[in-house]
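The block underneath contains the structure these notes are about, expressed in structure tokens.
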Amino acid sequence: MTHQNNKQIIGLFGFGVVGEGLFHVLQHSHTTNAEVRKICILDPKKERSIPKTHFTVNADDILNDPEINLVVELISDSEEAFHIVSRALQKGKSVVSGNKKMLARHLPELIELQKETGSALLYDASACGSIPVIRNLEEYYDNDLLLSITGILNGSSNFVLSKVFNENKSYPESVKEAQRLGFAEADPTLDMGGWDSLYKVVILALHGFGTIVNPDEVFISGISNLQAGDIRFAKEKGYRLKLVAQATKINGKSFNLMVMPKMVNEDEYIYNVENEYNGVIIEGSFYEKQFMFGKGAGGHPTGSSVLSDITARMHGYRYEYKKRKYFSIPEHTNDVVVKVYLRFKNLLDFSHFEFETIDEKLSSRNYNYVIGTIKLSNLIHIRKLIQTLDVFLAFFDIPEKRSGAGSPKSEAL
């Protein structure tokens, strides 16, 4: 039994799907010596499932309470989240956060704050819901043998793609169904545009490779422009489209991050990851591939991940950022060549893309595509323009990714 002086007295910010999920998970976790003392919310008039005495609209009621020793931050506003987390750390309170955008945008400051104050910040819940990817990268894969992290990191977009491929539903009606079931927001851009996956893979890269990458330097392309012709092409060629985030070591000194739809063949582990589930493949020089699978969306799965962080903090656990201390930190680079499928409407749109090689092309009145290789640095240069064009991009692989010494020969991820 945990002693009373180790009890976690929690101040909770946010009582949405995850916050409420955590509250109910805590009620049924008899091995966790923790209680939620106060919950800070925006709207005091909103109907809640628990008594109003739990709630406050004043952040200081939590941050200035000396008995509260753990702040759990689960709000959507990333800048307000950073303000709350910073103040909590400065006041000597440890923090658990699920805000991947806030984390990805402020990792240097947050690492420095932990050093200065001695307080700890845990955020396993920020990436992949119920799958403990961050702690595994931090503890189990704490050597420099890691070659790649590849995964479906967003349950909402994966749910939509599952409906499109398995039930022949259109993209718009699949998004509406995801919204109706609570898997997608009223504005689905964060999930479908690849932004959610981007923030998560930036966090995973820190714990996998030790490098802090500015999200603005990572190429992303989402599934918002997915059309019937793209789905037909994938099915005819034996692929399924998945929105994939990938961190790939190019050689011993550099690695690449990107988020794009991928043409996934049936030999790949993530081919059968469906609905709101996430799947992550971790590949290393000698242990080859290891696959982690679990629910990536929903209040209880993510609430359980937050609970795991709360329990870890109770036992004194903190991230050591080992890769930043003990190894030469690899540099992030976009100097790689990617094999892509590009569907476009007109030649003007196509003219913005500087292909290195073209392997296959088709032109017709309503459907044009090219398959070929292109430099990722070229795509980064026109990233904002691409979002305004009537095009759809998907990748097959980075052909040169296996150039690192000591890499085992294995099928492409």
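Every number in this text was worked out from the coordinates using simple rules, so none of it is lab data. This one's a predicted model, so the numbers in the text were calculated from it and none came from an experiment. Note that each Cβ is placed from the backbone with ideal geometry, even for glycine, and that neighbours are counted across all protein chains shown.
Of note:
- Computed from Cα atoms alone, the Kirkwood hydrodynamic radius reported for segment 199-312 is 16.2 Å.
- For the chain, the residue among TYR271, HIS106, ILE386 whose Cα projects farthest onto the positive side of the dipole built from Cβ charges is TYR271.
- Dipole check for segment 38-103: with +1 at the C-beta of Lys and Arg, -1 at the C-beta of Asp and Glu, and the Cα centre as origin, the magnitude is about 140 Debye.
- The length gained by stretching the chain between LYS237 and SER170 to full extension, at 0.36 nm per residue less their Cα-Cα distance, is 22.2 nm.
- Folded to 0 to 90 degrees: helix 100-117 orientation relative to the chain principal axis, Cα: 50
- Under Karplus coefficients 6.51, -1.76 and 1.60, residue-wise ³J(HN,Hα) of segment 268-284 in Hz, glycine/proline x: 8, 4, 7, 4, 9, 7, 10, 6, 8, 7, 10, x, 10, 9, 10, 10, x
- Against the main long axis of the alpha-carbon atoms of the chain, helix 78-90 sits at an angle near 40°.
- Within a straight-line Cα-Cα reach of under 16 Å, LYS93 can be paired with the following lysines, leaving aside sequence neighbours fewer than 8 residues apart in one chain: LYS7, LYS38, LYS115.
- Spacing of the two label points (7 Å from each Cα toward its C-beta) at ARG180 and GLU47, in nm: 2.2
- Cross-linked pairs LYS101/LYS339; LYS289/LYS339; LYS262/LYS325: Cα-Cα separations exceed 24 Å for LYS101/LYS339; LYS262/LYS325.
- Sorting ASP61, ASP196, ASP267 by the number of Cβ atoms found within 10 Å of their own Cβ, with the fewest placed first, yields ASP267, ASP61, ASP196.
- Charges were assigned to the Cβ only: +1 to each Lys and Arg, -1 to each Asp and Glu. The resulting dipole of segment 4-122 about its Cα centre is roughly 180 debye.
- For the chain, the longest principal axis of the Cα atoms and the long axis of helix 17-27 meet at an angle of about 40 degrees.
- Counted by Cβ distance under 11 Å from ASN136, the other residues give a net charge of -3, where Lys and Arg count +1 and Asp and Glu count -1.
- Charge dipole of the chain about the Cα centre (unit charges at C-beta), most positive-ward option of SER119, SER148, PRO215: SER148
- Given +1 at the Cβ of Lys and Arg, -1 at the Cβ of Asp and Glu and no other charges, the dipole of the chain around its Cα centre is 140 debye to the nearest 20.
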